[in-house]
Structure formats: C-alpha cells, structure tokens
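Readers should treat all values here as calculations from the given coordinates under stated rules, not as data from a laboratory. Bear in mind the structure is a predicted one, so any value in this text is a computation, not a measurement. Neighbour counts are summed over all protein chains in view; Cβ atoms, including those assigned to glycine, are modelled from backbone coordinates with ideal geometry.
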Amino acid sequence: MIQDALLDLFSEQTYEQADSVEGRQALQKTTLETIKNILKEETDNDAIDAVYFTSFILQ
C-alpha cells in the first residue's frame, strides 16, 4: 500500500516542483504524511519520524 501510494505521489510531481530545494522539501513532508496516514489506518501506529531521499533523479 505504501509503495503504491508513493508511486502515485511521485508521478504527480512536475520537473519544476522537484527541481527546487523547496519543492523537494515539500515532497519529503508530503511523503512522510502519506506514509504516516497509511500506517495509522493499517496498524494504528504511525511511529515514523522522518523520510530521507538518498538520491534524486529528474527526467
């Protein structure tokens, strides 16, 4: 479920959004919120503090 939700989220991003530091930080925040929401629904526990991107490829 998490993988599917993140693929949907990432595919909605434009090059311009992901090309800026602010855009990547917003994506990081949205990614964290998405994962927390799914975990809360499925396990009643949203114990995740942060999401980190180790690399970023723009096409």
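Quick notes
- Rounded to the nearest 10 degrees, the angle from helix 21-43 to the longest Cα principal axis of the chain is 20 degrees.
- Environment charge at Phe10 (Cβ cut-off 15 Å; Lys +1, Arg +1, Asp -1, Glu -1): -4
- Cα Rg, Dmax, the chain, angstrom units: 12.1, 37
- Compared with the dominant Cα axis of the chain, that is its longest principal axis, helix 2-11 is turned about 20°.
- Sites Leu6 and Asp44 - FRET efficiency at Förster radius 22 Å, r taken between beta-carbons, to 0.05: 0.60
- Calculated [222 nm] ellipticity per residue, helices only, for the chain: -20500 deg cm²/dmol; basis is -39500 (n - 2.57) per DSSP H run with n ≥ 4, divided by all residues, nearest 500.
- Choice from Thr34, Thr43, Thr14 with maximal GNM fluctuation in the chain (Cα, 10 Å cutoff): Thr43
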